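Here the structure comes first, spelled out in structure tokens, and everything after it is commentary.
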Amino acid sequence: MKLRTLLLGAVAATAFAPAAFAERGSDGDVKVLYWQAVSIMNPYLSSGTKDIEASSMVIEPLGRFNETGAMVPWLVDEIPTVTNGGVSADLTSITWKIKDGLTWSDGSAFTAEDVKFTADYCMDPDGGCQQLAKFDGVSSIEVLDPLTVKVTFERAMPNPYGPFMGAESPILQKAQFENCTGANAPTCSTENFYPVGTGPFVVEDFRPNDVITFKANDKFRDPAKPAFATMTLKGGGDVTSAARAVLETAEFDYAWNLQLAPDVLNSIAEGGKGQTVSAFGTLVERLEMNLTNPSAELPAETRATVAEPHPFLSDIRVRKALSMAIDRELLVEVGYGRAGRPTCNLVPAPAMFASDNTECFTQDLEGAKALLEEAGYVDSDGDGVREKDGVKLAILYQTSTNAVRQDFQLLIKDWWRQIGVETELRNIEGAVFFGGDPGSPDTFQKFYADVEMYANNFAGTDPQPYLAMYRCGNEPKPSSQWLGANINRYCDPEYDKLIDELGQTGELEKRAELAKKMNEMLTKESYTIVPLVDRGRVSAHSNSLGGVILNTWDSELWNVADWHRVK
Amino acid sequence: MLTFAIRRLVLTVPTLLFISFVIFMLLQLAPGDPMAQVPLTVPDEVKQKMREALGLGEPPLIQYAKWLKQMFWIEPKVLIDWMTRESALFGWLPDTNLYQGELRVLSWQTRSPVMDIIVQRIPQTLWVVGLSYIVGILIALPIGIYSAYRQYSVFDQAGTFITMIGFSIPPFFTGPLLIVVFSVQLGWFPSIYDTTHVVNDWDSFVFQLRQMILPVLVLALQTTAQISRYMRGAMLDNLRQDYVRTARAKGLSEAVVVMVHVLRNSMIPVVTVIALGVPSIFGGAIITESVFKVNGIGQLLITWLFANDLPGIMTLTFIFAALILLFNLIADILYGILDPRIRYD
Amino acid sequence: MTDAPPPIQALQDKVPSAPPRSQWLDVWSQFRKHSGAMVGAGFLVFITLFVLVGPYIWTLDAQALNMRARDIRPIYTALWDSGAKVDWAHPLGSDNLGRDGLSQLIAGGRSSLAVGWAAMVLTLVIGTTVGVLSGFVRKLDGPLMRLTDLFLSLPILPLLLVAVTFFRQPLRAAFGPEGGMFVLIVTVVALTSWMPTARIVRGDILALKEREFVLAARSIGTRPLHIILRHLLPNVLSPIMVSATLGLATAIITESALSFLGVGFPSDFPTWGKMLADAVPRMEDFPERVLLPGVAISLTVLAVNYLGDGLRDALDPRTRGR
């Protein structure tokens, strides 16, 4: 959440700049580089970050999260709360009041009908909407008057800010998308490429997976914005060359998500043509411990299911020892630099939900060894690997293919070797690892390994759905086609009770307390999940681009209307 | 030869059908999921609904049949409509309007017709990959011929050295190396290819040349190395044959002996290699295209492969297979022309 | 007048000046005269010894991390940059995790050369067999060439993923994690790269089998297998040699691409191709990390190329004794 920039000057420039450049389109062209190319401009049909962020410049939600994670009104005058009466006292409905005088880029008026249509569009059962989770629990949407819309939920929603909040659920124009609902949704390629929006830019030319040209929206609500007349959003390539194009050659003004080893990024940043910006969100790189036995000798029906507990990872002392052997500070130094910080928490932010647990920061190899001794694991045959009752501490450790993750694998393998644990490494191509293909043995859900590493976060600022994933029975298993979010096969009735309690609690302090407790149950009390690094986002912009405020809670391009040329 | 060509062309149809079926089944078998790139924050039930919306729940054979119909019945209608409406060649014909809004082959990732995207990608692929192939051949043939003619001369040794090193260093290294030297240090050429650039006057042509030069260099190095090695080897074999001595003995000039007699007889392996390479122009150059962000067909294929966009991959590989069959047929016909003794019937 | 006329000089039997030499001796003496081939062979022997015996002389473990000794430059950088961080304990420097450059080069060479040679030989065997059969046996030409077309058009990535899904576990059980991967990589590389060789060999065979010497061999009743082995194969040696050199380079590079997809060796298992790929982002600050494996690959490929040149010259009776 803390915003750090190389040159504080850029921040200062941001604060005073808008007044200085008070003319729309006076700053010419701005070039943005996304190393993952944009495929579509409709976030309801593709939830890839690149697609959501590109479309966020054209279509907008009613409210956004700012760089601190706080909600800011966007197309409304204020964020509805219980205090201002926008949210009903029983938390079952929320009423949005739209700003007066908003128009779409085609000149027609923006009304509550459009908002209602957007919800219907996504909730159509045949549409395959990718943001359906945003509309979870919605029972009806009513248009009270042309500028007021009321969302009613089936049950009390402690967090009613799912629909129409954040870059994932922007408002579509009813007139444009009317014939694109349900099964027709995917066939409307023109509509999906050239949406009519309220944002600062409109799409002029869309080339899928390649380049998009935008021009300033002349109906945009602030007559002085955007400062740029056109924008080019180029996609494709690799991270290193994207960083070079901004920091070394200044061919482009902005490069998105530069996940590079810190020494590489620093060396490129010495080019001096631009600067990097970083910010933190809720993304945590973690080790997941498999509580079930993934042995290939087991029949397919019981392999890696709750029927077969893990031969040694089901012992908490082994899991704790594995965690103690890790030097998180070093991992950050090698892999993320300024874009990472050590963490012991599954929920690292927002601050009120984050537990103050820091005991894992110090590496303790001797303590880990002692713990393994205590658990009865000793190296009796002198091969450097501990064993007990013929069970060797031999771990298969898998992750997706990614240079930083492979470095982490090597470092962690080395530490585990020092405490007498043998590790075999495996890296799997991301499209297979994160794909839910039940036929593949290599998906992270199937977890045919002892330990796996990846990063996950939660959308927005409310961790409830995230923590609810670890419910008993929610684990991937053959009967559910290996779908399910409880990757570790964790099961604790106490925890389930807390999930239910969290679902009924509206009071923020109480919610935070519950979330902290649940976070600790999963991490420092059971070592089921071993968090490693709280991962931030690093992007880069050229020295001549002003107004950039990196935001990890919403689209990175959330304030593109304020971007301007520094002269 | 004509009957041979016709018979082979007719045989191409069942072959292509068979190949497309094998590719389809391979894609079905391969692990992977179009939802793999969807963030983990999206719940599994939503992903399952999205898969169903893509038609993934249907049995594979039905999916295949649908693809066949879209590819061979609906897409040609769109093509004919386009030809009679917009192309210069058939524009005078009345508009046909055969296409009535049926479902075309749609990409899962972009939700737009696959063929439209492919057509959009062809210019940059031809400019960069096609040109580099021609440049590569034009450099490789003289190098191969002269190195063989003056075997073990300084030219031959230097040529061997450079081409072999060029071939053994992969483009994922030469590409960034050229960017560091020519874009970062010297600042002569852009490191990012602008696919929206339109050539309409001298200045824009120069710009096009400047942005093409680095990727063309990287690709031409590989082509040159490969073809010149085969050319040299085949020339060496033939230069030692008895007919060369005979030709020289009857007083033919060296130029005629080498460039007519020997060259023609040495072309068979070279023609094979060149014909094998032409379809891969269309296939694009995956690594080089993404290093320089040329975003041609190679980049499209790799993006779709990682996104598991089955209709897209299926259509691209099918076109690719058709080109392979076509050019291998052309190579077979060329064999007969180069060496009339070769008979197929 | 009874003297027999003196024998005409020209009709006198020549007495052989030296005992007859075997064909292979001739080949060897011709090969020895080819300086390029000798240098190439010498280098191959050297690099093979380097990777086989090297670990016993330079005993640092290639996989051992040493965070205190990372990013060390090779010893020679001290020649022009006295401030460079060099250490005699790591004569070729160390990488960003402190793994020793020299022992990585040795261990990487071991796996790269093993994969390269095995995949190349397998590629040549499949390619040549298919090419010769379809060129020589008319009935097989159609089916075999359509099979080649099929393999040429299969998309490689899904093919690899299918291979991993079905064969990794059984191979791992049979040969261990690294051995199983080795078998899988070699097979996959060979299966996806034999087609050009097959088409080139077939093209040459189509032309060769119509030549007079084949007709002559056939008319004295030589069996087809014998014609292939004695008359056709030696004449297609030249494109096969080129395929071999190019194939070796391709195999070494492809292996590194495979490990990106999780098809390759585990990530702590060094190979030249992987060292090269990992070092590309840091090539400005640490050029040696790309140069060392890059030069090793290039020199090996060059050596094989010269060796192939020499072999072809030595096996061709027309050049022999020239």
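The values are calculated or read from the model by the stated rules, or taken from the named source; none is laboratory data. In this text, all values refer to a predicted model and were calculated from it rather than measured experimentally. FYI the Cβ positions are ideal-geometry reconstructions off the backbone, even for glycines, and counts take in every protein chain you see.
Remarks
- Hey, B:LEU79 more than 8 Å from chain A (Cβ to nearest Cβ) and either surrounded by fewer than 17 Cβ atoms within 10 Å (Cβ to Cβ) or touching a residue at least 12 places away in the same chain (Cβ under 8 Å) (or both) or not: yes
- Residue match in region A:53-61 (condition: at negative phi, among the polar types (S, T, N, Q) and at pLDDT 90 or above): yes
- Here is the figure for region C:62-77: residues that are more than 9 Å from chain A (Cβ to nearest Cβ) and either buried (at least 20 other Cβ atoms within 10 Å of the Cβ) or in contact with a helix residue (DSSP H, G or I) (Cβ under 7 Å, 6 or more places away or on another chain) (or both) total 4.
- Of the helices (runs of 4 or more DSSP H) entirely within region B:54-140, those holding at least 3 residues that are farther than 21 Å from B:LEU300 by Cβ occupy B:60-69, B:75-85.
- Count of region A:435-475 residues which are within 13 Å of chain B (Cβ to nearest Cβ), under 30 Å from A:GLU513 (Cβ atoms) and over 17 Å from the mean Cα position of the chain (by Cα): 3
- Residue in region B:57-73 that is small (Gly, Ala, Ser), more than 14 Å from chain A (Cβ to nearest Cβ) and touching a residue at least 12 places away in the same chain (Cβ under 8 Å) present: no
- Filter result (surrounded by fewer than 13 Cβ atoms within 10 Å (Cβ to Cβ) and hydroxyl-bearing (Ser, Thr, Tyr)) within region C:22-37: C:SER22, C:SER35
To keep it simple, each residue is scored yes or no on (1) at pLDDT below 90; (2) touching a Phe, Trp or Tyr at 6+ places or on another chain (Cβ under 7 Å).
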residue	(1), (2)
A:VAL203	no, yes
A:LYS225	yes, no
A:GLN259	yes, no
A:VAL264	yes, no
A:LYS273	yes, no
A:GLY281	yes, yes
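- The C-beta contact set for region A:321-335 (first residue touching a residue at least 12 places away in the same chain (Cβ under 8 Å), second residue assigned to a helix (DSSP H, G or I) and charged (D, E, K, R), distance under 7 angstrom, 6+ apart or interchain) comprises A:VAL334/A:ASP407; A:GLY335/A:ASP407.
- Residue list for region B:299-345, filter: out of contact with any Pro (no Cβ under 7 Å at 6 or more places or on another chain), in a loop (DSSP other than H, G, I, E, B), more than 7 Å from chain C (Cβ to nearest Cβ) and of a type outside the set (Lys, Arg): B:PRO340, B:TYR344, B:ASP345
- Top-ranked residue in region C:138-163 [being touching a residue at least 12 places away in the same chain (Cβ under 8 Å) and farther than 29 Å from B:LEU310 by Cβ; ranked as nearest to the other protein chains (Cβ to nearest Cβ)]: C:ASP141
- Hits in region A:244-271 (condition: of a type in the set (D, E, K, R), surrounded by fewer than 21 Cβ atoms within 10 Å (Cβ to Cβ) and either away from chain C (no Cβ under 12 Å) or touching a strand residue (DSSP E or B) at 6+ places or on another chain (Cβ under 7 Å) (or both)): A:GLU251
- As for region B:13-28, it holds no residue that is within 10 Å of another protein chain (Cβ to nearest Cβ), under 31 Å from the mean Cα position of the chain (by Cα) and either within 30 Å of A:PHE135 (Cα to Cα) or not in a helix (DSSP H, G or I) (or both).
- Filter result for B:ASP237 (within 24 Å of C:ALA207 (Cβ to Cβ) and surrounded by fewer than 19 Cβ atoms within 10 Å (Cβ to Cβ)): no
- Residues in region B:163-194 that are of a type in the set (Val, Ile, Thr) and out of contact with any Leu (no Cβ under 9 Å at 6 or more places or on another chain): B:VAL180, B:VAL181, B:VAL184.
- If you go through region A:225-243 and keep only what is more than 22 Å from B:THR288 (Cβ to Cβ), surrounded by 23 or more Cβ atoms within 10 Å (Cβ to Cβ) and within 13 Å of another protein chain (Cβ to nearest Cβ), you end up with A:MET231, A:LEU233.
- For the residues B:PHE155, B:PHE172, B:PHE182, the requirement of being in a helix (DSSP H, G or I), at the interface with chain C (Cβ under 10 Å from one of its Cβ atoms) and touching a helix residue (DSSP H, G or I) at 6+ places or on another chain (Cβ under 7 Å) singles out B:PHE172.
- Within region A:546-567, residues that are free of Cβ contacts under 8 Å to residues at least 24 places away in the same chain reach partners that are surrounded by fewer than 24 Cβ atoms within 10 Å (Cβ to Cβ) with beta carbons closer than 6 Å, at six or more positions or on different chains, in the pairs A:ASN559/A:ILE549.
- Screening A:ILE487 with (1) away from chain B (no Cβ under 11 Å); (2) among the β-branched types (Val, Ile, Thr); (3) crowded, with 23+ Cβ neighbours inside 10 Å gives one miss only, at (1).
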